[in-house]
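Novice: Below is a structure I'd like to ask you about.
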Amino acid sequence: MTSAMRFIYLPYVFILLLVTVPVSAQDIKTIAVLGLDPIGIGKAESQVLSNRIRTILVNTSMFHVLERANMEAILLEQGFQQSGCTSDECIVEAGQLLGVKEMLAGSVGKFGEVYTIELRIIDIENGKIKAAATYDFRGEIENLLTEGAPAAVARVLQSYQNQTTFGKLIIRSEPAGIEVSLGGDKKGITPLVIDQIIPGSYEIILQNADYETYTNQVRIESGFTREISATLIPAFSYLQIATNVADAIINVDTLKGISGSTGLLKICPGIHRFSINHDYYLPIKEETNLIPGDTLSLQIKLEKAKGIMILAAQPENATLSISEISQQLPNSDPIELSAGEHILRLQAPYYYPLEQSVIIKRENTINLNLSLIYGGDDLSYTEKRQTWLMASTITSAAVALTSALVANHFYDKYSDAQLSGDAANYKNKTKNWDQVSKVFTTVTISASIFTIWNWIYVKNLRQELNVL
């Protein structure tokens, strides 16, 4: 290849790179390449050059290029003869049979020492030539493959692009900041302006993890601006369930074993079922319908459940006390109690008392058989001691009262003697009063000490025997 040839060829490679811009999959049209009509050269050379042009078109990614074998099979099946099909009408007919949007056709020939390639792209819908280009080349015929074909394709594609007027798209969303895809390609986030869009139909997709995906078909027209405003629907709602029982178990759909409160759950909109369970409370089973984007907070109050206790106790005259309610024991009769822990107390005369914790579960029946232990003489002695204490206390009080009366009598005599002025009698009465006051003081103190000691002794004895 000469330097002059390289100089001529390289600009067309650059042009070919410029026109092979990335195009969305929805923008790509299907095109078929008819074999170039040979003029002054062999049919074999023309066919090789046609194949090269087909390959170059595939590499531009601007078209879906119909494969040659498929194209020939379809035309053969329809009884269509490719040879001699050079007119635009014939080319349009072939394109209709092939079901393509556009056809590339042309010729390759030699005039004197100059080779020429003529290419044109025809719109099958209206039969008009959408783009056309020629390329003249002086040199060896082999160079048509390496230089002529790329240059001719670059020229016709440049002409094709120049015939296209772009459209514009403005996209807004509520909320803003939503990712936008157009024709399968990510374009940015809203609000967004997209320029230089090739006319055609596109699928627009707005996506965000917290919102339902928005999709729409949009038609971009040449030279026009299209505006899209989308309001996205939240993909999630929020649910919070709390109860008055800290260790109640809350189940929401497939979420199991949440204790006391669910916290704020991020959950899909729609109908959701939940249940609340506890051994001591009536169970709850409900459902709620969440609106998209809604926040629902539920405060559920659990009601105490009931259970049954059947108690058989010995002796039969034992007294039962539960939850500070005392009653005569209904031996072997069912007793309805609220679910939970209860302190049960049994007592009877001459028996040691019993205190026991009982767990009543929801809608359960518990059977208890309890027997008190006989206290015997220890308890009898305590009661007798208590009786004696009361008697001794009364006796001590009577002695102290009698002593006080006697002391008062002698005090009166002493006072009379003092007032009479009889010195001998006064001295005698004073001596008697001194003796009586000492006895009175001694008796009173002794009776008080004796009474206090008896009360302390009996109290300690009762505690030792655990008598209630």
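The values are calculated or read from the model by the stated rules, or taken from the named source; none is laboratory data. None of these values were measured; they are calculated from a predicted model. Cβ placement follows ideal geometry from the backbone for every residue including glycine, while neighbour counts extend to all protein chains displayed.
Novice: Looking at the structure I just gave you, is Gly112 closer than 30 Å to Thr215 by Cα and out of contact with any Leu (no Cβ under 9 Å at 6 or more places or on another chain)?
Specialist: Details: closer than 30 Å to Thr215 by Cα: no; out of contact with any Leu (no Cβ under 9 Å at 6 or more places or on another chain): yes.
No; evaluated as a whole, the condition is false for this residue.
Novice: Which residue pairs have Cβ atoms under 7 Å apart, sit 6 or more places apart or on different chains, and have a first residue in segment 196-222 that is outside any strand (DSSP E or B) and a second that is surrounded by fewer than 18 Cβ atoms within 10 Å (Cβ to Cβ) and among the small types (Gly, Ala, Ser)?
Specialist: Cβ pairs passing all conditions: Pro199/Ser222; Asp210/Ala235.
Novice: Failed condition for Val245, given (1) over 14 Å from the mean Cα position of the chain (by Cα); (2) part of a strand (DSSP E or B), with all others met?
Specialist: In the conditions (1) over 14 Å from the mean Cα position of the chain (by Cα); (2) part of a strand (DSSP E or B), Val245 misses (2) alone.
Novice: Those residues that are among the acidic types (Asp, Glu) and not in a strand (DSSP E or B), I need them from segment 32-45; list them, please.
Specialist: Within segment 32-45, the first condition is being among the acidic types (Asp, Glu), and the residues that meet it are 37, 45.
Scanning segment 32-45 gives a single hit, Glu45.
Novice: Do the conditions hold for Ala152, that is, is it part of a strand (DSSP E or B), in contact with a helix residue (DSSP H, G or I) (Cβ under 9 Å, 6 or more places away or on another chain), in contact (Cβ under 8 Å) with a residue 12 or more places away in the chain and among the hydrophobic types (A, V, I, L, M, F, W, C)?
Specialist: no
Novice: Here are the criteria: (1) more than 30 Å from Tyr214 (Cβ to Cβ); (2) under 12 Å from the mean Cα position of the chain (by Cα); (3) of a type outside the set (Lys, Arg). Tell me which single one Ile258 does not satisfy.
Specialist: Going through the list (1) more than 30 Å from Tyr214 (Cβ to Cβ); (2) under 12 Å from the mean Cα position of the chain (by Cα); (3) of a type outside the set (Lys, Arg), Ile258 breaks only (2).
Per-residue answers, yes or no, for (1) crowded, with 16+ Cβ neighbours inside 10 Å; (2) modelled with pLDDT of 85 or more; (3) of a type outside the set (A, V, I, L, M, F, W, C):
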residue: Asn331; (1), (2), (3): no, no, yes
residue: Leu344; (1), (2), (3): yes, yes, no
residue: Ser357; (1), (2), (3): no, yes, yes
residue: Thr365; (1), (2), (3): no, yes, yes
residue: Gly375; (1), (2), (3): yes, no, yes
residue: Tyr381; (1), (2), (3): no, no, yes
residue: Lys384; (1), (2), (3): no, no, yes
residue: Trp388; (1), (2), (3): no, no, no
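Novice: Hey, could you check segment 46-77 for residues that are modelled with pLDDT of 85 or more and outside any helix (DSSP H, G or I) and say which is farthest from Val114 (Cα to Cα)?
Specialist: Applying the filter and picking the extreme gives His64.
Novice: Right, here's the next one. If I go through segment 78-133 residue by residue, how many of them are of a type in the set (Phe, Trp, Tyr) and assigned to a strand (DSSP E or B)?
Specialist: 2
Novice: On to the next question. Give the residues of segment 137-178 that are over 21 Å from Gly109 (Cβ atoms), modelled with pLDDT of 85 or more and in contact with a Ser or Thr (Cβ under 8 Å, 6 or more places away or on another chain), sorted by residue number.
Specialist: Leu157, Lys168, Leu169, Ile170, Ile171, Arg172, Ser173, Glu174, Ala176, Gly177, Ile178
Novice: Out of Glu118, Glu102, I need the residue that is surrounded by fewer than 21 Cβ atoms within 10 Å (Cβ to Cβ), in contact with an Asp or Glu (Cβ under 8 Å, 6 or more places away or on another chain), closer than 18 Å to Leu157 by Cβ and not basic (Lys, Arg). Which one?
Specialist: Glu102
Novice: Among the candidates Lys101, Lys43, Lys110, single out the residue that is among the basic types (Lys, Arg) and either modelled with pLDDT under 85 or under 55 Å from the mean Cα position of the chain (by Cα) (or both). Explain how you work it out, then say what you get.
Specialist: Values: Lys43 fails: either modelled with pLDDT under 85 or under 55 Å from the mean Cα position of the chain (by Cα) (or both); Lys110 fails: either modelled with pLDDT under 85 or under 55 Å from the mean Cα position of the chain (by Cα) (or both).
Being among the basic types (Lys, Arg) and either modelled with pLDDT under 85 or under 55 Å from the mean Cα position of the chain (by Cα) (or both) holds for just one of Lys101, Lys43, Lys110, which is Lys101.
Novice: Quick check on Gly177: is it part of a loop (DSSP other than H, G, I, E, B) and either loosely packed, with under 13 Cβ neighbours inside 10 Å or in the same structural domain as Leu265 (by TED's automatic domain parsing) (or both)?
Specialist: Values: part of a loop (DSSP other than H, G, I, E, B): yes; either loosely packed, with under 13 Cβ neighbours inside 10 Å or in the same structural domain as Leu265 (by TED's automatic domain parsing) (or both): yes.
Criteria met by Gly177.
Novice: Assess whether Arg120 counts as being free of Cβ contacts under 8 Å to residues at least 60 places away in the same chain and in the same structural domain as Val100 (by TED's automatic domain parsing).
Specialist: yes
Novice: Within segment 134-147, how many residues turn out to be in a loop (DSSP other than H, G, I, E, B) and crowded, with 17+ Cβ neighbours inside 10 Å?
Specialist: Number of matching residues: 1.
Novice: Considering segment 121-136 alone, what residues qualify as being out of contact with any helix residue (DSSP H, G or I) (no Cβ under 7 Å at 6 or more places or on another chain) and closer than 14 Å to Ile53 by Cα?
Specialist: Passing the criteria: only Thr134.
Novice: So, one more: So, in segment 221-260, exactly how many residues are under 22 Å from Leu169 (Cα atoms) and of a type in the set (Lys, Arg)?
Specialist: 1
Novice: Also, I was wondering about something else. Since Gly260 meets every condition but one in (1) among the small types (Gly, Ala, Ser); (2) out of contact with any Gly (no Cβ under 7 Å at 6 or more places or on another chain); (3) loosely packed, with under 15 Cβ neighbours inside 10 Å; (4) not assigned by TED's automatic domain parsing to the domain that holds Glu363, which condition does it not meet?
Specialist: All conditions are met except number (3).
Novice: Still on this structure: I need every pair where a residue in segment 293-316 that is within 30 Å of Leu232 (Cβ to Cβ) has its Cβ under 8 Å from the Cβ of a residue that is part of a loop (DSSP other than H, G, I, E, B) and of a type in the set (Val, Ile, Thr), sequence separation at least 6 or different chains.
Specialist: Gly293/Ile233
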